[in-house]
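To start, the structure itself, in structure tokens.
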């Protein structure tokens, strides 16, 4: 299903017209021959389910953008499309005009090992997290994870990049920017509470861009 309210909000925050869609677990997908070949190459049933959910979300976005709905040739990172799936929820985003890079990430609230923070947060982000009320730290850690993941996904050349190469400008803001170590380009970021979790959408802005 289309997420029209989130589309409108994220489009305004990122300055880019976007389409967002959520997969329908009961959808009967029409797959191309190439897509069937992609599906048959997946051995694990859970991964097959995730792949099918992702295709449904992507096909909804592609249809809204009046683009060919065969997803078999789509590779990520992608300048105009991004996909996320976690715990049975799959979401896709697409830019309605030419873009440099788009990213999306969703995580449901759950308990995680806070020791992972040192692997993807900067010293400043770790210090900010430590200042949050104890009862909120787990949720805020997941919040920062979705921001970093969405930002990473939107980077056109993210091969070899680490999440701690990215720095969140304002951890308290619903609309913020992410900087890239050693790179003058920036990333616009919109973050939302969604389905008892966090949803982040990011757009890459090249050096000198708007």
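The values are calculated or read from the model by the stated rules, or taken from the named source; none is laboratory data. Here the structure is a predicted model, which means the values were calculated and not measured. Neighbour counts run over all protein chains shown; Cβ positions are idealised from the backbone, glycine included.
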Checklist entry - Inside the range 92-104, can you point out the residues that are touching a strand residue (DSSP E or B) at 6+ places or on another chain (Cβ under 9 Å) and either over 22 Å from residue 177 (Cβ atoms) or in a loop (DSSP other than H, G, I, E, B) (or both)? => result 92, 96, 99, 100, 101
Next on the checklist: With in a loop (DSSP other than H, G, I, E, B) and surrounded by 11 or more Cβ atoms within 10 Å (Cβ to Cβ) as the only criterion, which of 69, 7 stands out?
Outcome noted: 69
Next on the checklist: Checking residue 124 against (1) over 17 Å from the mean Cα position of the chain (by Cα); (2) outside any helix (DSSP H, G or I); (3) closer than 30 Å to residue 185 by Cβ, only one condition comes out false. Which one?
Outcome noted: (2)
Checklist entry - Which residues, taken from the range 143-173, are assigned to a helix (DSSP H, G or I) and under 19 Å from residue 10 (Cβ atoms)? => result 143, 144, 145, 146, 147, 148, 149, 150, 151, 152, 153, 154
Next on the checklist: Given the condition touching a strand residue (DSSP E or B) at 6+ places or on another chain (Cβ under 6 Å) and surrounded by 12 or more Cβ atoms within 10 Å (Cβ to Cβ), answer yes or no: does some residue in the range 128-141 qualify?
Outcome noted: no
Next on the checklist: On the basis of being without any contact (Cβ under 8 Å) to a residue 24 or more places away in the chain, in contact with a helix residue (DSSP H, G or I) (Cβ under 6 Å, 6 or more places away or on another chain) and surrounded by fewer than 16 Cβ atoms within 10 Å (Cβ to Cβ), does residue 181 make the cut?
Outcome noted: yes
Checklist entry - Which of the residues belonging to the range 178-204 are under 17 Å from residue 140 (Cα atoms) and either assigned to a strand (DSSP E or B) or modelled with pLDDT of 95 or more (or both)? => result 178, 189, 190, 191, 192, 193, 194, 197, 198, 199, 200, 201
